[in-house]
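The values are calculated or read from the model by the stated rules, or taken from the named source; none is laboratory data. Because the structure is predicted, anything quoted here is derived from the model rather than measured. Please note: Cβ atoms are built from the backbone with ideal geometry, for glycine as well, and neighbour counts cover all protein chains shown. Please note that ligands, DNA and RNA were not included when accessible areas were found on the heavy atoms of the full protein model with its side chains. Shrake-Rupley method; radii C 1.70, N 1.55, O 1.52, S 1.80 Å.
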Amino acid sequence: MLLIGSLPLFLLAAPFVIARPSLLPTRAADKLINNVTIFDPPSFYSIPRTLYARTVLLETDGDEKNVLLATWENYSPEPPYFPIHRSTDGGSTWEEISRVTDQVNGWGLRYQPFLYELPSAFAGFAAGTILCAGNSIPADLSATQIDLYASTDKGLTWSFVSHIASGGVAEPINGDTPVWEPFLMLFEDEMIVFYSDQRDPNFGQKLVHQTSADLLTWGAVVNDVAVDVFDDRPGMTTVTLMPNGSYIMTYEFFGAPEAAFAAYYRISDDPTKFDSAPGQVIRATDGTVPTSSPYITWSPVGGPNGTLAVNAASDTDVYLNRCLGAPNSWTRVSTPESASYTRNLRVLPDGTLLITGGGVLSGSDNSVTTSSMDLSSVTVAACT
Ligand SMILES: *[C@@H]1O[C@H](CO)[C@@H](O)[C@H](O)[C@H]1NC(C)=O
Ligand SMILES: *[C@@H]1O[C@H](CO)[C@@H](O)[C@H](O)[C@H]1NC(C)=O
Ligand SMILES: *[C@@H]1O[C@H](CO)[C@@H](O)[C@H](O)[C@H]1NC(C)=O
């Protein structure tokens with residue numbers, strides 16, 4: 001059976017049918033999308049206009065199951081906000097449904113949004129509540145504040161929940177003290193927020209996390225990657241669960257011997273203990289080391305180990321591994337999606353990979369685009 005493309009026209013004309021994609025049968029090859037524009041910013045936006053796209057797939061309940069939401073850094077007139085756009089057809093079409101605005105600082109929500117759906121009831125919020133973490137920063141960039149917002153109505157409205165971490169001036173300069181790039185993940189009845197931290201005087205930048213049982217108070221700052229050379233800068237944590245129960249995190253590593261900002265990874269049974277796991281570089285079987293702002297996810301497609309997928313800003317490709325992260329089994333595979341700074345990866349219900357970008361750091365007319373690829377039809381290195 002086919003998805004949207006084969007529906008009779010009278011069904012396409014009835015929006016309530018399209019809004020229930022979970023009721024529709026799926027087959028990967030029929031629903032691939034190629035460079036769909038989610039948002040093309042107006043020319044009065046400040047350059048780079050858009051950057052740093054993030055998506056979430058709503059998976060928990062009923063009518064909203066399989067709905068996608070997207071957000072990004074949006075260089076609108078002051079104060080900036082995180083736009084929320086929705087797709088009910090697997091990423092083919094999008095519409096703006098809301099804006100996450102700064103409700104507490106008077107600064108705007110400027111950088112590094114992250115969307116997360118609660119997979120189970122937590123901290124007084126029902127399963128299916130959507131969390132949005134991001135960096136609230138004033139127009140003069142004099143401070144950084146990672147804040148948490150929640151939506152209990154599938155992204156239509158948003159409320160401030162808590163301040164997570166406060167830092168100094170929003171400049172990526174060693175010796176300055178900003179916080180950056182939150183990534184949320186529920187683990188054993190605690191929410192973990194991973195982020196990049198320049199506040200420790202012993203490290204230009206390190207990667208840390210804090211945990212919370214109530215989403216209101218956040219525990220001690222715990223190191224995840226802290227390198228003993230002050231100028232080294234590990235950055236941009238993303239994490240995914242593998243089918244053998246271990247967690248894998250990726251990060252960029254300025255200071256890596258292989259390349260500036262080489263994509264690195266660590267594996268741990270406990271995602272609060274990455275600090276004691278060894279870091280290793282991602283080097284594809286063709287020798288490529290992807291660099292800058294990596295993102296990792298896992299798809300069940302591709303055999304008993306499924307497929308780990310990583311991408312980075314250095315090229316348009318993905319780096320796939322069907323060996324639970326074994327070092328010599330990363331295969332570079334092309335995608336239909338342009339390269340972006342911190343390009344987002346999201347696995348759709350049928351296992352296809354949605355790749356979403358907000359443009360490049362040096363971009364002067366970025367837009368937000370998305371494409372998908374079928375992971376079952378690609379050739380990936382065997383485990384060695
Ligand atoms: C799954 O990954 C493990 C660890 O790399 C490997 O030993 C095993 O052969 C893989 N299984 C398959 C079916 O490829
Ligand atoms: C999962 O596989 C990885 C190998 O890539 C290994 O490091 C880790 O210990 C395994 N986890 C468990 C729980 O067996
Ligand atoms: C995707 O579309 C944008 C906007 O039309 C274009 O600039 C870009 O080159 C396209 N990317 C690819 C990989 O075709």
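Values computed for the structure shown
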item: Residue within segment 198-215 that is more than 22 Å from Leu109 (Cβ to Cβ), touching a helix residue (DSSP H, G or I) at 6+ places or on another chain (Cβ under 8 Å) and part of a loop (DSSP other than H, G, I, E, B) present; result: no
item: Within segment 316-355, considering residues that are of a type outside the set (S, T, N, Q) and on the phi > 0 side of the Ramachandran plot, the one nearest to ligand 1 (Cβ to nearest atom); result: Leu324
item: Members of segment 97-125 found to be under 12 Å from Thr71 (Cα atoms) and open to solvent by 70 Å² or more (accessible area, probe 1.4 Å), listed by number; result: Arg99
item: From Thr370, Thr379, Thr316, Thr288, residue being outside any strand (DSSP E or B), within 15 Å of ligand 3 (Cβ to nearest atom) and either basic (Lys, Arg) or modelled with pLDDT of 95 or more (or both); result: Thr316
item: Candidate set: segment 319-339, residues that are away from ligand 2 (no atom under 16 Å from the Cβ) and either assigned to a strand (DSSP E or B) or modelled with pLDDT under 95 (or both); chosen: the one least open to solvent (accessible area, probe 1.4 Å); result: Val333
item: Among the residues listed as Ile38, Ile47, the single one being buried (at least 22 other Cβ atoms within 10 Å of the Cβ) and out of contact with any Lys or Arg (no Cβ under 6 Å at 6 or more places or on another chain); result: Ile38
item: Hits in segment 256-285 - residues which are in contact with a strand residue (DSSP E or B) (Cβ under 8 Å, 6 or more places away or on another chain), within 14 Å of Thr237 (Cβ to Cβ), assigned to a loop (DSSP other than H, G, I, E, B) and not hydrophobic (A, V, I, L, M, F, W, C); result: Pro271, Thr272, Gly279
item: Residues of segment 291-301 satisfying the condition of being assigned to a loop (DSSP other than H, G, I, E, B) and crowded, with 20+ Cβ neighbours inside 10 Å; result: Ser292, Ser293, Pro294, Val301
item: Hits in segment 39-74 - residues which are free of Cβ contacts under 8 Å to residues at least 60 places away in the same chain and of a type in the set (Asp, Glu); result: Asp63
